[in-house]
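The values are calculated or read from the model by the stated rules, or taken from the named source; none is laboratory data. Quantities reported herein were computed from a predicted structural model and do not represent experimental measurements. Cβ atoms come from the backbone with ideal geometry, glycine included; neighbour counts cover every protein chain shown.
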Amino acid sequence: MNHIKIKNNEAIKLAEIPVINYSEFLNFNTALLSKEENHCVQYFGFRKNNLLRLICCMADDNQGIINISSSEISIDNNESYPSFSNIHLAFHCFEREIHENFGLNYTDHPWLKPLRFSFDRFNKNSTITNYPFRQIESEELHEVGVGPIHAGIIEPGHFRFICSGEQILHLEIQLGYQHRGIEKLMISKKKLIERNMLAESIAGDTVIGHSIAYANLWESLCDFKPSEDIQFARTIALEWERIANHTGDLSALCNDIAYQLGGSVFGRLRTPIINTFQMWCGNRLGKSAISPGVNNIPFTNTTAATFSKVMYAFQLDFMEMYDKMSSLPSILARLEKTGIVSKEQSTEIGMVGMSARASNNSRDIRKSHPHDLYHLFNHKPIIKRHGDVYSRTQIRKEEILQSLDYIRNFMDEIPSATEKNMDLNPPAPNMFSLSLVEGWRGEICHCAITDEKGELMLYKIKDPSLHNWLALTLAVRNNEISDFPVCNKSFNLSYCGHDL
Amino acid sequence: MISDIKILYHQGKQYIKDLQNAEVPGIFRGRPVISLAPVDTNKLVELCPSHAISSEPVSIDLGKCLFCGECARVFPEKIIFTKDYKISANSRDDLIINEGVDTPIRLNPNLIRKEISKIFGSSLKLRQVSAGGDNSCEWELGATNNVNFDMERYGIEFVASPRHADAIVITGPITKNMAEPLQACYNAIPDPKIIILVGTDAISGGMFVDSPAIDRAFLDKYNIDLYIPGNPSHPLTIINGLLDLTSKKKQIKKNENF
């Protein structure tokens, strides 16, 4: 066997992952990707004595399993290796990270640009001020540089456009400004609560998503089976976070096309949702709600009554506003056929989550690799066909309604809180585990390896934005530069989740 | 047109009328009160993920606190978090809450530069810079502008260009990669200018204080005018902090009218 199959949140011995030679490793994983049901959820490297150990995790959406394979290669003598990305572009971000962190050279990587300028990168001469942008030599085209600081209250990143008049021909996005070294801190901070706080700040708009990935991963390493009330609270919190962010995004989309009524109404509709988080767990964005092994936020009948009331009022006003908005030709003219990502493109670059589903690409962890209580849902991912800004608008509305329905049905049977919390055992030594969560943006993947003492040796984090930033650059091609803000908002990707 | 009016009507009154006395719904972890109850202080100090708790006397540094509430969960007899959201200060030391003390946190009027109230008392333009912020404080700063909180009623608003700004509002622990753009933005703001730190990450570095990927040298160079704690800071904390910093002018104005 050249690989091992695991399920979501299944811990295995690191030694169980077969080590195969690099060309077999390359052939195996690139062949997997030629089938539509497979996609790469994580591919990373780490130093092992004089060698670089590469581990590739390919999810099979039909069977609900993840194929893990690995290889060990020598890189200290400046060797070069053929890249996965030359065969399938979806690997580009992972290989760029490996190249940046360890100096692994590729013979044929199509886009070997710096990824995030991490503090421990291999080539310290590569800095955020000398990023190698694609250059133009035409006198008829011009460049537009935007950022890192943008004209709003958002995170930093640099966008470089090549335009012909008003038309965007090419966009290159340079990230890394938000790099905080979070993966390394996950290892150097030893206490559970410290890591919990770090997981919550991977992306402050996806607090629940990332902290569930962390908690599920940690519990799998400790061989802890969370009780039903823990899973119940996690599932509801994740859907609630989805509703909050999708509503906020609809408001931002309206603002970017100067539709004030929609901007204000959707903006204010987000308030009762996040205030309900406040009532439930003491923080509007769900910080300190999820921890491994315990249920900090028991869901009681009183909580359920609050939720019902908020949902009822929300849905009426939400639908009235959405119906109005989608009936206005001046709105549709801005959203329809703007910023298109085709299904082929989305598969080619390995898009995930809501944006992928808006391009007719059914990627949804809740369906394919269910965690917590999602196996009870028979979840049907919402799919849109056009891949334009309007599809990404519609999908938000439909996912909000779907989440509201799920929570309503779910609240019919609230599991009672467990009497006493069981203590978490320390993680087992020499283990590997992987956790997938469908956050509101898409697939979150956390991955950990423990050493011979059971201490964390490696912690890998992937926010869906890692895959999807490239989608934004493709979406804006041939669009007017004035449509860039609304395209950008329709994806609403995370900078800090990418830069870590 | 009629359906637009219907929508407006259905929203009802959304704005919070009195932002200085509004109550936060549900559980809120605001200013902590530490009792004099004897507890295992070593355990208490050890518990805190961001080393915000010290012993002798037992104190919590709100500039380091992540407001996770773990200390209050384990030692409910020692620490409670009140719903008091007015926790901004203009002196770093005022963010440290000692045991047995239950007094509101207020700005020290002697530390507020005279020109702040004189020039910015009735209009304050802010330029926000996220320097490694996790987008939670950014969301809450954005929320101060929504129809519920509507900070613009006080003439305080966010602007796009630093050249139009009076103050820089920094979130995040300040990453190495953002240090230079942050400095450039600060330099572009005309004098006199104000520096405001929002959120635990910005005030103390939070969980990232010992990360090799951050560079907080910028903060050593300048005087900080306002610290707004929180993880993230609540919009009411932000608005009240800003009002306290600039309110002097409003009182003067009132007197002039009489």
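Is it true that some residue in the range A:118-135 is more than 14 Å from every other protein chain (Cβ to nearest Cβ), over 20 Å from residue A:177 (Cβ atoms) and out of contact with any strand residue (DSSP E or B) (no Cβ under 8 Å at 6 or more places or on another chain)? Looking for residues that are more than 14 Å from every other protein chain (Cβ to nearest Cβ), over 20 Å from residue A:177 (Cβ atoms) and out of contact with any strand residue (DSSP E or B) (no Cβ under 8 Å at 6 or more places or on another chain), one finds at least one in the range A:118-135, hence yes. For residue A:247, the stated conditions do not hold, so it cannot be described as surrounded by fewer than 21 Cβ atoms within 10 Å (Cβ to Cβ), assigned to a helix (DSSP H, G or I), of a type outside the set (A, V, I, L, M) and more than 8 Å from every other protein chain (Cβ to nearest Cβ). Inside the range A:297-312, residues that are free of Cβ contacts under 8 Å to residues at least 60 places away in the same chain and either in a strand (DSSP E or B) or over 17 Å from residue A:398 (Cα atoms) (or both) make up a count of 6.
Residues are listed down the side, and each one gets a yes or a no for (1) of a type outside the set (A, V, I, L, M, F, W, C); (2) outside the structural domain of residue A:464 (by TED's automatic domain parsing); (3) crowded, with 16+ Cβ neighbours inside 10 Å:
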residue	(1), (2), (3)
A:8	yes, yes, yes
A:11	no, yes, yes
A:24	yes, yes, no
A:29	yes, yes, yes
A:32	no, yes, yes
A:35	yes, yes, no
A:39	yes, yes, yes
A:45	yes, yes, yes
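When the range A:189-198 is filtered for residues that are more than 8 Å from chain B (Cβ to nearest Cβ) and either assigned to a helix (DSSP H, G or I) or surrounded by 18 or more Cβ atoms within 10 Å (Cβ to Cβ) (or both), the ones remaining, listed by number, are A:192, A:195.
Return yes or no: is residue A:208 among the β-branched types (Val, Ile, Thr), in a helix (DSSP H, G or I), in contact (Cβ under 8 Å) with a residue 24 or more places away in the chain and closer than 28 Å to residue A:153 by Cα? So residue A:208 fits the description; yes. The C-beta contact set for the range B:63-79 (first residue closer than 18 Å to residue A:289 by Cα, second residue crowded, with 21+ Cβ neighbours inside 10 Å and among the basic types (Lys, Arg), distance under 6 angstrom, 6+ apart or interchain) comprises B:67/B:29; B:69/B:29. Scanning the range B:142-189 for residues that are out of contact with any strand residue (DSSP E or B) (no Cβ under 9 Å at 6 or more places or on another chain), surrounded by 21 or more Cβ atoms within 10 Å (Cβ to Cβ) and closer than 22 Å to residue B:245 by Cα returns B:143, B:146, B:149.
So in the range A:156-188, with the set limited to residues that are among the small types (Gly, Ala, Ser) and part of a loop (DSSP other than H, G, I, E, B), which one is nearest to the other protein chains (Cβ to nearest Cβ)? Ranking the qualifying residues of the range A:156-188, first place goes to A:181. Please indicate, with yes or no, whether at least one residue in the range B:86-96 is away from every other protein chain (no Cβ under 14 Å), over 14 Å from the mean Cα position of the chain (by Cα), assigned to a loop (DSSP other than H, G, I, E, B) and on the phi < 0 side of the Ramachandran plot. No, because not a single residue in the range B:86-96 is away from every other protein chain (no Cβ under 14 Å), over 14 Å from the mean Cα position of the chain (by Cα), assigned to a loop (DSSP other than H, G, I, E, B) and on the phi < 0 side of the Ramachandran plot. Of all the residues in the range A:421-440, those that are among the aliphatic types (A, V, I, L, M) and surrounded by 24 or more Cβ atoms within 10 Å (Cβ to Cβ) number 3. For the range B:17-66, how many residues are closer than 20 Å to residue B:210 by Cβ and either within 13 Å of another protein chain (Cβ to nearest Cβ) or acidic (Asp, Glu) (or both)? The qualifying residues number 13.
Quick check, is residue A:308 facing chain B (nearest Cβ under 10 Å) and polar (S, T, N, Q)?
Taking the combined requirement at face value, the residue does not satisfy it.
Could you go through the range A:268-281 and let me know if any residue there is within 14 Å of another protein chain (Cβ to nearest Cβ), modelled with pLDDT under 95 and under 30 Å from residue A:456 (Cα atoms). For the range A:268-281, residues within 14 Å of another protein chain (Cβ to nearest Cβ), modelled with pLDDT under 95 and under 30 Å from residue A:456 (Cα atoms): present.
The residues on offer are A:147, A:103, and the sole one that is surrounded by fewer than 21 Cβ atoms within 10 Å (Cβ to Cβ) and either at pLDDT 95 or above or touching a Gly at 6+ places or on another chain (Cβ under 8 Å) (or both) is A:147.
Somewhere in the range B:39-56, is a residue in a loop (DSSP other than H, G, I, E, B), closer than 21 Å to residue A:268 by Cβ and of a type in the set (Val, Ile, Thr)? No, the range B:39-56 contains no residue that is in a loop (DSSP other than H, G, I, E, B), closer than 21 Å to residue A:268 by Cβ and of a type in the set (Val, Ile, Thr).
When restricted to residues that are of a type in the set (Ser, Thr, Tyr), more than 16 Å from the chain's Cα centre (by Cα) and within 29 Å of residue A:215 (Cα to Cα), the range A:347-393 contains 1.
Criterion first (of a type in the set (Lys, Arg) and assigned to a helix (DSSP H, G or I)) does residue B:13 satisfy it? So residue B:13 fails the test.
Only one of the numbered conditions (1) more than 8 Å from chain B (Cβ to nearest Cβ); (2) assigned to a helix (DSSP H, G or I); (3) farther than 21 Å from residue A:414 by Cα is not met by residue A:239, and that is (3). Could you tell me whether the range B:66-80 includes any residue that is within 19 Å of residue B:105 (Cβ to Cβ), crowded, with 23+ Cβ neighbours inside 10 Å and touching a Ser or Thr at 6+ places or on another chain (Cβ under 7 Å)? Looking for residues that are within 19 Å of residue B:105 (Cβ to Cβ), crowded, with 23+ Cβ neighbours inside 10 Å and touching a Ser or Thr at 6+ places or on another chain (Cβ under 7 Å), one finds at least one in the range B:66-80, hence yes. Residue count for the range A:377-398 under the criterion of being among the charged types (D, E, K, R) and surrounded by 22 or more Cβ atoms within 10 Å (Cβ to Cβ): the result is 3. Do we find that residue B:114 is surrounded by fewer than 21 Cβ atoms within 10 Å (Cβ to Cβ) and in the same structural domain as residue B:241 (by TED's automatic domain parsing) in this structure? Considered against the rule, which asks whether it is surrounded by fewer than 21 Cβ atoms within 10 Å (Cβ to Cβ) and in the same structural domain as residue B:241 (by TED's automatic domain parsing), residue B:114 comes out as yes.
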